[in-house]
1. If you take the Cα atoms of the range 97-152, find Rg, then find the Kirkwood Rh from the mean of 1/r over all pairs, what is Rg/Rh?
2. Once the piece of chain linking Ala80 and Ala9 is laid out straight, how much longer is it, given 0.36 nm per residue of separation minus the C-alpha distance between them?
3. On a 1.4 Å probe surface of the protein chains, which of His79, His61 comes out largest in accessible area, and what is the full order?
4. Tabulate in residue order the Karplus-calculated ³J(HN,Hα) for the range 81-90, using 6.51 cos²θ - 1.76 cosθ + 1.60 with θ = phi - 60°, rounded to whole Hz; enter x for Gly and Pro.
5. Scan around Ile41 for amide H atoms under 5 Å from its own, H built in the peptide plane at 1.01 Å from N, and keep only partners 5 or more places away or cross-chain.
6. Which of the residue pairs Lys5/Lys64; Lys15/Lys38; Lys15/Lys37; Lys89/Lys141; Lys2/Lys89; Lys37/Lys141 have a Cα-Cα distance greater than 24 Å in the structure shown?
Amino acid sequence: MKTAKDLQASFGRRKPNQQEVEMLHQLRQQDVEQLLKKNMITVNDIMGLDWGGRFAIANRHFDKCDDAAKQALLHDQHHAVRAAASLFKPPVKFARVSAVALAIMDGKPNIGTLNGVKSLDGIEEMIISTHPFAILEAAEKFISGFEDDTTQLGVSELLAQLRACINPIR
């Protein structure tokens with residue numbers, strides 16, 4: 001099976017056409033997805049990727065790399081890979097609304113707020129109303145209409161990001 005690294009090397013110094021660029025992006029995504037199935041990404045795994053694949057790992061999955069792979073990314077020949085690795089911040093784990101509401105209630109059936117006495121359900125409602133949750137859901141619904149449109153690039157990735165933002169909240 002051809003990898004993004006193999007395809008990129010086949011271009012040599014010539015500029016790839018649009019079809020080749022699309023194929024490169026597809027292969028790169030497959031290469032990265034294969035690595036993400038592993039519990040730990042090693043330096044050997046990293047070396048099998050083209051610079052774009054290494055960038056994707058450094059940018060979003062640096063914390064899944066072993067020490068040798070992290071060092072390889074931090075000292076990569078491509079400046080974008082080095083920058084992504086050095087700027088990586090692990091994703092923030094959000095508490096679910098219900099967990100936050102339970103902590104606020106502290107075992108009490110009701111609690112006084114500036115908006116009156118609230119039950120657990122009322123506290124959950126207040127938390128959700130202050131979060132851009134409805135906007136995220138509306139954007140996800142709108143963009144999902146483009147999911148099967150092959151002329152729209154990046155829709156799957158954008159939907160995955162939106163869904164990743166929405167799921168931890170509920």
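The values are calculated or read from the model by the stated rules, or taken from the named source; none is laboratory data. Just so we're clear, the structure is a prediction, and the values are computed from it rather than from any experiment. For the accessible areas, the whole protein counts, side chains as well, though only heavy atoms, and no ligand, DNA or RNA atoms are used. Shrake-Rupley method; radii C 1.70, N 1.55, O 1.52, S 1.80 Å.
1. 1.28
2. Stretched out fully, the Ala80 to Ala9 stretch lengthens by 23.7 nm.
3. His79, His61
4. Per-residue couplings from phi come out as 5, 4, 5, 4, 5, 6, 9, 4, 10, x Hz.
5. Distant-sequence amide H within range of Ile41: Cys65, Asp66.
6. Over 24 Å Cα-Cα: Lys15/Lys38; Lys15/Lys37; Lys89/Lys141; Lys2/Lys89; Lys37/Lys141.
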